[in-house]
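The structure appears right after this line, and notes come after that.
The values are calculated or read from the model by the stated rules, or taken from the named source; none is laboratory data. Everything numeric here is computed off the predicted structure, so don't read it as measured data. Note: ideal-geometry Cβ built from the backbone for every residue, glycine included; neighbour counts use all protein chains shown.
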Amino acid sequence: MTSHVSAALAPGGDIPAPHIEYGQIMPILLVLGVAVAGVLVEAFVGRTWRYTVQVPLAFLGLAGGFAWTIVLGLRDETHAVAAEGALGVDGPTLFLQGTILILALVSLLLIADRGTGSFAAQAAALPGSEAEQRTTAAGIIQTEVFPLLMFAVGGMLIFPASNDLLTMFVGLEVMSLPLYLLCGLARRRRLLSQEAAVKYFLLGSFSSAFFLYGIALLYGYAGSVKLGDIAAEAGRDAGSETLLLGGIALLALGLLFKLGAVPFHMWKPDVYQGAPTPITALMASCTLVSAFGAMLRVFFVAFENLTWEWRPAMWGVSIITMIAGAVIAITQTDIKRMLAYSSIAHAGFLLTGVIATSREGLSSTLFYLAAYGFTTVGAFAVVTTVRDAGGEAGHLSRWAGLGKRSPLIAGVFAFFLLAFAGIPLTSGFTGKFAVFKAAVEADATPLVVVGVISSAIAAFFYVRVIVVMFFSEPEADGPTVVVSPATAAAVVLGLAATVVLGVLPQPVLDLAGHAATQMFVR
Amino acid sequence: MTGQEIVFALLGAVAVGSGIMVVTTRQLVHAALWLVLSFGALAGMYLVLTAEFVAWVQVLIYVGAIVVLLLFGIMLTRAPIGTAPDLDSGNRWIAAAVAVATAALLVTVVVMGFGDAKMPLEAGGGSAEALGSAVFRTWVLPFEVLSVLLLSALVGAIVLSRTDIGGARSRGKGD
């Protein structure tokens, strides 16, 4: 993409060609390149072949990007800015990008699963119309899902890596726009899905506007949008305090919206419920990792000298996010909405790691993100397998007695719920322990007390689901469990990661610690 | 007060005034035309600030393309042309209060932030050359990624609107 620009301008002379470190940003280029190739496949490959071409292409792109990230991580010189200072390539970024790519691979297993048929045959057909029935009966599938997915993943890779706010905004939009679209493509309950997409789009545009205004104010303050320059200007304690504080507040608003922190969480339950479940799995894992990566970079680099200014507000946000997420989740009766509120509560736990603003805080947040991502993908994979005649059995009452009907799948789901609750020997415990330890060391003990209390509240509704599954009588016309190989693979991967990160967490903890040693580049 | 400042203030008044007309007029087409005036005044303000390239881009894209697109949109969706009393929503006073409060907040922040700070105007600061070297050198990566964003938006628009598989026309999604 960039090569033709530099080639076209170099002979002219006046503008020197930009210097792009292709090797260091290859994972991003690879994923976006596969997305563009996917668009070409849509244009030139016949309908019968598209699915068979798109799926391996997407797998290769994500796996290639992941392999390249590992190679970059193994070399020691990865602490530099690339592409004219637009992207930072450093330990935390590579860890986050690797996590996003591997979680996207697991989500792709769910998305590519033809058996569950989560996506609309034709998104443009009116819900309930004759056209919709006809296209569904004809077995058409909307293979545009794959390039859109790759675009979104490309944006997710750029978002936490961007070294200036402008690139960050572009990454945010590249990540969000395909997700808005993908949310509206659910095969069942089309109206709910479209409502979710419109809600997500409108609220997301609003938060993007706030984010952009925050960038403008910070530019007014520092005269630059580079994170390092903003930090230097703030360290000099010059310029207008109003612009700086206004900028921090608006920027944080945009980022907190993407994390789904209270009070910017309103979209999360509706969108998680309405979106096709594989896309929900993608959003709950990869988008959260990416948004937290950007949050960490902004607050650890640009606002590092201003911890006294933003910490009190973050304390408040973190506390109400943990408590509200856990308490409202108790009242939910839909399994996907419940998992959405659980995700909100986990965003609160993760924020305690951000508030610690220490090396331990960074490494523990990185570990928590990886651990939580695998567990949540696995949990949503299980949700896709429990099916009624009309699609997934979303209502909690339909899950009654699942433990008697299908002990294996109910047992696996129970294990994921225990991991969310943070029971020892699961990855959830290790992650929570790590972030809370970092927070205590950074003198945020009250925050940790609130965190432990809301973990206990959250454990109540996780256990309630387990009780419903194992200790109530199954209904006569209860849902059936349909497990196809791809979904089974996703569940097994999620389960394996949850067990391994719970029982033998040290290698990954070391990896996260090693990634965090040099902190972020600037 | 210099001539530049007077012209700038007048153009600002025109932009705000026509912006108010956009949201208060009862005719849809008139609103689009008032928008032309608002965008044009904004382009004039860019010109006064010596950003001539930005000014022409504003004219070409906002006045030339976006408003024309809006007019086409009104025409093709067969919206009623002429006075439409239902353009006013019942929430308009609440909306006005929110808008005024937001404007007051933004103006306060900018006034408190910059106050009487003066920046000398430099000729050529917003020229095509300066912008070109910024876009194609410092900002080349975000610039190229933006083209990817446009591509994904195009693909998404096709996904949401292409009905030729089933043959049925569907217009106005979500109703």
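Hey, B:Phe39 hits all of (1) touching a Gly at 6+ places or on another chain (Cβ under 8 Å); (2) touching a residue at least 12 places away in the same chain (Cβ under 8 Å); (3) in a helix (DSSP H, G or I) but one; which does it fall short on? With respect to (1) touching a Gly at 6+ places or on another chain (Cβ under 8 Å); (2) touching a residue at least 12 places away in the same chain (Cβ under 8 Å); (3) in a helix (DSSP H, G or I), B:Phe39 is out only on (1). Of the residues contained in segment B:118-136, one or more are found to be modelled with pLDDT of 85 or more, out of contact with any Cys (no Cβ under 6 Å at 6 or more places or on another chain) and among the hydroxyl-bearing types (Ser, Thr, Tyr).
Each row is one residue, and each column tells you yes or no for (1) closer than 27 Å to A:Ala458 by Cα; (2) at pLDDT 95 or above; (3) more than 14 Å from every other protein chain (Cβ to nearest Cβ).
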{"site": "A:Glu233", "(1), (2), (3)": "no, no, no"}
{"site": "A:Thr242", "(1), (2), (3)": "no, no, no"}
{"site": "A:Met266", "(1), (2), (3)": "yes, no, yes"}
{"site": "A:Arg297", "(1), (2), (3)": "no, no, yes"}
{"site": "A:Phe300", "(1), (2), (3)": "no, no, yes"}
{"site": "A:Phe303", "(1), (2), (3)": "no, no, yes"}
{"site": "A:Met314", "(1), (2), (3)": "yes, no, yes"}
{"site": "A:Ala326", "(1), (2), (3)": "yes, no, yes"}
{"site": "A:Ile330", "(1), (2), (3)": "yes, no, yes"}
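Taken over segment A:460-483, the criterion of being surrounded by 15 or more Cβ atoms within 10 Å (Cβ to Cβ), over 23 Å from A:Gly422 (Cβ atoms) and of a type outside the set (Val, Ile, Thr) is satisfied by A:Ser472, A:Pro474, A:Gly478, A:Pro479.
Once segment A:194-224 is narrowed to residues that are facing chain B (nearest Cβ under 10 Å) and within 29 Å of A:Leu126 (Cα to Cα), the residue that is surrounded by the fewest Cβ atoms within 10 Å (Cβ to Cβ) is A:Val198.
Residue-level check: of (1) under 15 Å from the mean Cα position of the chain (by Cα); (2) within 12 Å of another protein chain (Cβ to nearest Cβ), A:Ala125 misses just (1).
Restricting A:Thr78, A:Thr69, A:Thr116 to those that are among the β-branched types (Val, Ile, Thr) and in a helix (DSSP H, G or I) reduces the list to A:Thr69. Residues in segment B:98-125 that are of a type outside the set (D, E, K, R) and loosely packed, with under 11 Cβ neighbours inside 10 Å: B:Val100, B:Ala101, B:Thr102, B:Ala104, B:Val107, B:Gly115, B:Ala117, B:Met119, B:Pro120, B:Ala123. In segment A:391-417, the residues that are on the phi > 0 side of the Ramachandran plot never reach a residue that is among the hydroxyl-bearing types (Ser, Thr, Tyr) and part of a helix (DSSP H, G or I) with C-beta atoms less than 8 angstrom apart, at least six apart or across chains.
Residues checked against (1) within 7 Å of chain A (Cβ to nearest Cβ); (2) surrounded by 11 or more Cβ atoms within 10 Å (Cβ to Cβ); (3) closer than 27 Å to B:Leu37 by Cβ; (4) modelled with pLDDT of 85 or more:
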site: B:Val59; (1), (2), (3), (4): no, yes, yes, yes
site: B:Leu71; (1), (2), (3), (4): no, yes, yes, yes
site: B:Ile81; (1), (2), (3), (4): no, yes, yes, no
site: B:Thr163; (1), (2), (3), (4): yes, yes, no, no
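Listed conditions (1) within 25 Å of A:Val170 (Cα to Cα); (2) under 20 Å from the mean Cα position of the chain (by Cα); (3) at pLDDT below 90 are all met by A:Leu62, apart from (3).
Please pick out the residue among A:Gly64, A:Gly33, A:Gly91, A:Gly85 that is over 30 Å from B:Ala134 (Cα atoms) and in contact (Cβ under 8 Å) with a residue 24 or more places away in the chain. Testing whether each residue is over 30 Å from B:Ala134 (Cα atoms) and in contact (Cβ under 8 Å) with a residue 24 or more places away in the chain leaves just A:Gly64. I need the full set of residues from segment A:502-519 which are more than 18 Å from A:Gly73 (Cβ to Cβ) and in contact (Cβ under 8 Å) with a residue 12 or more places away in the chain, in order please. Those that are more than 18 Å from A:Gly73 (Cβ to Cβ) and in contact (Cβ under 8 Å) with a residue 12 or more places away in the chain: A:Gly502, A:Val503, A:Pro505.
Taking (1) out of contact with any helix residue (DSSP H, G or I) (no Cβ under 6 Å at 6 or more places or on another chain); (2) part of a helix (DSSP H, G or I); (3) modelled with pLDDT under 90 in turn, A:Arg387 satisfies each apart from (2).
What do you reckon, is A:Ala340 in contact (Cβ under 8 Å) with a residue 40 or more places away in the chain, in contact with a helix residue (DSSP H, G or I) (Cβ under 9 Å, 6 or more places away or on another chain), part of a helix (DSSP H, G or I) and closer than 30 Å to A:Glu473 by Cβ? Criteria met by A:Ala340. The condition of being touching a Leu at 6+ places or on another chain (Cβ under 9 Å) and over 25 Å from A:Ala490 (Cβ atoms) holds for only one of A:Ala63, A:Ala82, A:Ala104, that being A:Ala82.
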